[in-house]
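Read through the structure below, which is laid out as structure tokens, and then see the notes.
The values are calculated or read from the model by the stated rules, or taken from the named source; none is laboratory data. This one's a predicted model, so the numbers in the text were calculated from it and none came from an experiment. Backbone-built Cβ (ideal geometry, glycine too); neighbour counts: all protein chains shown. Keep in mind that these areas ignore ligands, DNA and RNA; they rest on the heavy atoms of the full protein, side chains included. Shrake-Rupley method; radii C 1.70, N 1.55, O 1.52, S 1.80 Å.
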Amino acid sequence: MHKLRHTPGDPEEGLRAALEGVAGPGPVYVLGLGYVDKADDGAGVLVAETLKKTFPRFSYSEHDGVEGTVLDISERDGPATVFFVDATELHEAPGTVAVVPRDMINDREITTHRVAVALMAAILERSGKTSAVICIQPGTLEFRAGTSGQVSSTIETLSRVLHHLMLKQN
Amino acid sequence: MTELNVHSLARVEGHGGITVTLDGKKVKSVTLDIHEGPRLIEQLVRGMKPEDDVNTVPRICAICTLSHKFAAIRGMEKALGITPPEKAHLTRELMMLGESIESNSLHTMLLALPDFLGYPSAVAMLNDYTDDVKRALRLKKFGNHIMETTSGRIVHGENPIIGGFGKYPGKKALEDIKAKSHEMIPDVKRVVELFAGIEMPKYAEVDKDKVFMSVDAPKKKYHMYGDRTLISNGKDFDVEDYKKYTNERVVAHSFAKRSLYNEKTFMVGANARMINMGKRLGGEAADLLKEHYDKAWLRNPLYNDLAQAIELVWAMESLPEACDRVMAMDDPPHEQPTRLTGSGTGAVEAPRGTLYHHYELKDGLVDVADIITPTAQNLDDIEIHLKLTAERMLAEGKGTDEVRLGLETVARAYDPCISCATHLVTLKRA
């Protein structure tokens, strides 16, 4: 697991290296998860929405139906990489990023009515796709509070890094 | 003393738990502890305009979002003296079919089924049931598509409005849904086949018939809304009298309210709908209910999963006609309020049971709001069956893991709208 703030040197460079290390051949997809009404919980959605402006066919959010999107990607020919982006309790400073590769995604996730990321990752794996979860530590989950400063900064950085990677691979 | 602790339940998705306190193998008590902080939505909307209220209250839940929207609109239209245009009404019916398909497919196939097939999760099931897991995702995707087509978005769509619809779905989109629904009939029948092949465990079965409540859909149809509530004892009541029959109360260990009918627990959900309205089904759904229904449905909440599976067939079979009826009508203008002070109760069937929204308006603003969710109505009933399950399994000498799975299976069968229902129990021994 790569954690942005724990990387020596430039954190953005560290994140870039971490994502490039995870990404396999083929195009890169981004799937943003979360709930924008609950402040930083919506960080993944905001990253995906930012990238969607440049990569409408490769960046999706909760609003597009995540499970259906994963199913569609899994049925496309050739290799690809899918990065799920989600707010996650990492017990770190707000805005910290952690990259969790496929083999470390917990398959007993506590989720009721959304398909578990582990299941979506497993389906992608079976069709020869690579996946990982990019976790962002939220600062606040207060209803309608808006995104906090540290998390906003992370959203910008992460969007920039993913944009760079997608330009290269897509 | 021993405790079986269950983590995370809530009024909606969120955090709560179950604590089973054991004295040796004797179950001393079972409490359903809701830790999720109250969302206070009813207070939040006080002073709001009705149109703002119906956009705010669905935020209670991103799963039953359209049920909340529909219940709120129905309550508000009654309070404002509005009769919605027929086309709006038919489009709302269509969107509820989409929500049923989306939610029931997820719950039955990916959340409940692993319990019965002996897998810890759908991920573990994937190797042996690849096609079925993908089938569930395809069904969910189709349900989402119907919700998006009708309401404007997959989650928190804003097309359904008081007095009508913001934008009605176009002919091509409806033709596509209709065509796809024919293709997907084998998929929903496969869901029934899977659940019908399961020998339902009896550890949660009571020895007397339970009480089930659901709406009484109009025109003697099977559907997801109504102005009267049916009780399985043959009685019914006007939904405006919901408080007399649901008797909400507060308990110390929970932020979620509880309901009792005549001081007894009752169950809402697909099982209740099938018991109360199943005779109104047509097509293959009717045949499947006839084939698989037996008296155990009245005593064992685990049959709720099979009921949801049959309901999937009903929803899929209903789509072509629902699309045709919407397509056959021109887009009407919105109906306007005939009064600004009044009250009304909207009752709909969310996938997991009856949902009530009650509003009292004063001079065009919300003065009182009251929302009773299906999971809150089911909580006391879940406790009864959890206690029975723990007692029986422990008496039979079942091990910790088996008891834990039994308790989780019972809680999940209610399809509670709570995070963590897929991963509920932690067993602690003193």
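Scanning segment A:129-151 for residues that are under 13 Å from A:Gly44 (Cα atoms) and either assigned to a loop (DSSP other than H, G, I, E, B) or more than 15 Å from the chain's Cα centre (by Cα) (or both) turns up A:Gln137, A:Pro138, A:Thr147.
When residues in segment B:161-181 are screened for being touching a residue at least 24 places away in the same chain (Cβ under 8 Å) and either surrounded by 13 or more Cβ atoms within 10 Å (Cβ to Cβ) or small (Gly, Ala, Ser) (or both), 14 of them pass. In the condition set (1) at the interface with chain A (Cβ under 9 Å from one of its Cβ atoms); (2) modelled with pLDDT of 95 or more; (3) not in a helix (DSSP H, G or I), B:Phe142 is compliant with all but (3).
Taking A:Val47, is it in contact with a strand residue (DSSP E or B) (Cβ under 6 Å, 6 or more places away or on another chain), open to solvent by 10 Å² or more (accessible area, probe 1.4 Å) and of a type in the set (Val, Ile, Thr)? So A:Val47 does not fit the description; no. Within segment B:291-307, identify whether any single residue is among the aromatic types (Phe, Trp, Tyr) and not in a loop (DSSP other than H, G, I, E, B), and answer yes or no. Yes, segment B:291-307 has at least one match. Kindly indicate whether any position in segment B:98-107 is among the aliphatic types (A, V, I, L, M), modelled with pLDDT under 95 and crowded, with 20+ Cβ neighbours inside 10 Å. Yes, there is a match, as at least one residue in segment B:98-107 is among the aliphatic types (A, V, I, L, M), modelled with pLDDT under 95 and crowded, with 20+ Cβ neighbours inside 10 Å. Residue count for segment A:69-83 under the criterion of being closer than 22 Å to A:Ala43 by Cβ and within 10 Å of chain B (Cβ to nearest Cβ): the result is 2.
Contact map, segment B:51-65: residues that are within 16 Å of B:Ser103 (Cα to Cα) and open to solvent by less than 10 Å² (accessible area, probe 1.4 Å) paired with residues that are outside any loop (DSSP other than H, G, I, E, B) and of a type in the set (Val, Ile, Thr), Cβ distance under 6 Å, separation 6+ or inter-chain. Pairs shown: B:Pro58/B:Thr65. Residues in segment B:75-122 that are within 14 Å of chain A (Cβ to nearest Cβ) and without any contact (Cβ under 8 Å) to a residue 12 or more places away in the chain: B:Pro114, B:Tyr119, B:Pro120. Applying the criterion of at least 1 residues that are open to solvent by 50 Å² or more (accessible area, probe 1.4 Å) to the strands (runs of 3 or more DSSP E) found wholly in segment B:198-262 leaves B:228-231, B:236-238.
Go over the candidates B:Asp52, B:Asp128 one by one and state the one that is at pLDDT 95 or above, more than 21 Å from the chain's Cα centre (by Cα), within 14 Å of chain A (Cβ to nearest Cβ) and not in a helix (DSSP H, G or I). Testing whether each residue is at pLDDT 95 or above, more than 21 Å from the chain's Cα centre (by Cα), within 14 Å of chain A (Cβ to nearest Cβ) and not in a helix (DSSP H, G or I) leaves just B:Asp128.
Take the conditions under 23 Å from B:Val123 (Cα atoms), touching a strand residue (DSSP E or B) at 6+ places or on another chain (Cβ under 7 Å), surrounded by 19 or more Cβ atoms within 10 Å (Cβ to Cβ) and of a type in the set (S, T, N, Q) and apply them to A:Thr88. Does it pass? Yes, satisfied. Could you please let me know if B:Val366 is at pLDDT 95 or above and in a helix (DSSP H, G or I)? Judged against the criteria, B:Val366 is not a match. Listed by position, the helices (runs of 4 or more DSSP H) enclosed by segment A:2-93 that each have at least 3 residues that are farther than 27 Å from B:Ile101 by Cα are A:11-22, A:43-52. The conditions are (1) under 30 Å from B:Lys398 (Cβ atoms); (2) of a type outside the set (S, T, N, Q); (3) under 19 Å from the mean Cα position of the chain (by Cα); (4) modelled with pLDDT of 80 or more, and B:Ile34 fails exactly one of them. Which is it? Here B:Ile34 meets the rest and fails (4). Against the numbered list (1) farther than 22 Å from B:Ala286 by Cα; (2) touching a Cys at 6+ places or on another chain (Cβ under 6 Å), B:Gly170 comes up short only at (2).
Determine which member of the set A:Arg108, A:Arg57, A:Arg102 is over 14 Å from the mean Cα position of the chain (by Cα), open to solvent by 10 Å² or more (accessible area, probe 1.4 Å), of a type in the set (Lys, Arg) and at pLDDT below 95.
Details: A:Arg57 fails: at pLDDT below 95; A:Arg102 fails: over 14 Å from the mean Cα position of the chain (by Cα).
Exactly one of A:Arg108, A:Arg57, A:Arg102 is over 14 Å from the mean Cα position of the chain (by Cα), open to solvent by 10 Å² or more (accessible area, probe 1.4 Å), of a type in the set (Lys, Arg) and at pLDDT below 95, namely A:Arg108.
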